[in-house]
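I have placed the structure first, in the form of structure tokens, so that the comments after it can refer back to it.
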């Protein structure tokens, strides 16, 4: 097991290939023995694997009491978060343990944000792409949209990535993660809020993605994920993510693919308006489109109208206001429809 050394990290990330032994060391190093924990997992892959029973066995051996196990569905709802926060505030819990990808970790981050108590927060990151282990954002569904909150206080204190678990990810899951990473990197680099630091992280993320296509090493995707999230932390995402959040909420399409539906049309709009899109970003777009574009199922998505655009602006107006060029409602509608048309034609 080793600790990642990446400039700008505000928490600790360990990577290893021995699940029980690595976690045992982490529990000892960070003095997590004899704690009262609430466990968050996804509903499928980890919960249905032998790793969950191994984890619970280890917790018992370390004297960590599992007070409550909450399984999280994709795109969790704010009402569910409120229910768990109410439980946490009344419980003896002092350790949040989240195992999964963006939805699971974002759920735990939201609980940390809204609870009145303080917790140690450990994550086991099992899906790549969201950057949730280093991102100060938490994303969830309200009654009408996929939205979120931001706070520097909600980051996990420490995270663990097991390389064997990563090798079990499907091509579809890896593809969705790569699309999300690409969006974080490209959009935050083009944002009006971008800085030299965020652009450097964007460039590093794209470089690691390109390296992955040559090596197929998922550690390259992990590094890309982290650098893209560090870039997004400063630059913030733009219109493709805003449109993607709308599509994810309304049509339940995987978040990474939903964002990616509109990336090409957005970049083309910028080019048509005279904005220089760096060549390496265009090359990465072509690579991802060839390898993963066919996995996007968009045939049920309908064209947006004025009411849809107003909803998107109300919930993610910041994504439009940080665009390098002002976006009219016609621009938004055209980019949405063009992105959708591209995949209808495939």
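Only residues that are part of a loop (DSSP other than H, G, I, E, B) and either surrounded by fewer than 24 Cβ atoms within 10 Å (Cβ to Cβ) or without any contact (Cβ under 8 Å) to a residue 24 or more places away in the chain (or both): list them for the stretch 156-190, please.
Filtering the stretch 156-190 for residues part of a loop (DSSP other than H, G, I, E, B) gives 156-157, 168-170.
Of everything in the stretch 156-190, those that are part of a loop (DSSP other than H, G, I, E, B) and either surrounded by fewer than 24 Cβ atoms within 10 Å (Cβ to Cβ) or without any contact (Cβ under 8 Å) to a residue 24 or more places away in the chain (or both) turn out to be 157, 168, 169, 170.
For the stretch 296-313, which positions are exposed (fewer than 15 other Cβ atoms within 10 Å of the Cβ) and modelled with pLDDT under 90? Quick ask: steps written out before the conclusion?
Let us first name the residues in the stretch 296-313 that are exposed (fewer than 15 other Cβ atoms within 10 Å of the Cβ), namely 297, 299-300, 302-303, 305-307, 310.
Across the stretch 296-313, the qualifying residues are 297, 299, 300, 302, 303.
With assigned by TED's automatic domain parsing to the domain that holds residue 23, in contact with a helix residue (DSSP H, G or I) (Cβ under 7 Å, 6 or more places away or on another chain) and in a strand (DSSP E or B) as the only criterion, which of 98, 110 stands out? Give the steps one after another, and end with the answer.
Values: 110 fails: in a strand (DSSP E or B).
98 is the lone residue from the list that is assigned by TED's automatic domain parsing to the domain that holds residue 23, in contact with a helix residue (DSSP H, G or I) (Cβ under 7 Å, 6 or more places away or on another chain) and in a strand (DSSP E or B).
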If you scan the stretch 321-333, which residues turn out to be buried (at least 17 other Cβ atoms within 10 Å of the Cβ) and under 18 Å from residue 195 (Cα atoms)? 322, 323
Here are the criteria: (1) surrounded by fewer than 24 Cβ atoms within 10 Å (Cβ to Cβ); (2) without any contact (Cβ under 8 Å) to a residue 40 or more places away in the chain. Tell me which single one residue 123 does not satisfy. (1)
Within the stretch 206-241, take every residue that is within 14 Å of the chain's Cα centre (by Cα) and within 21 Å of residue 266 (Cα to Cα) and give me the one that is surrounded by the most Cβ atoms within 10 Å (Cβ to Cβ). 228
Can you name every residue in the stretch 267-295 that is surrounded by fewer than 11 Cβ atoms within 10 Å (Cβ to Cβ), modelled with pLDDT under 80 and either in contact with a strand residue (DSSP E or B) (Cβ under 7 Å, 6 or more places away or on another chain) or over 19 Å from residue 341 (Cα atoms) (or both)? 279
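Of the residues 178, 253, 174, which is within 12 Å of the chain's Cα centre (by Cα) and over 22 Å from residue 325 (Cα atoms)?
Numbers: 253 fails: within 12 Å of the chain's Cα centre (by Cα); 174 fails: within 12 Å of the chain's Cα centre (by Cα).
Exactly one residue qualifies, and that residue is 178.
The values are calculated or read from the model by the stated rules, or taken from the named source; none is laboratory data. Please read all numbers here as calculations on a predicted model, not as lab measurements. Methodologically, a virtual Cβ is constructed for each residue, glycine included, from the backbone with ideal geometry; neighbour enumeration extends over all protein chains shown.
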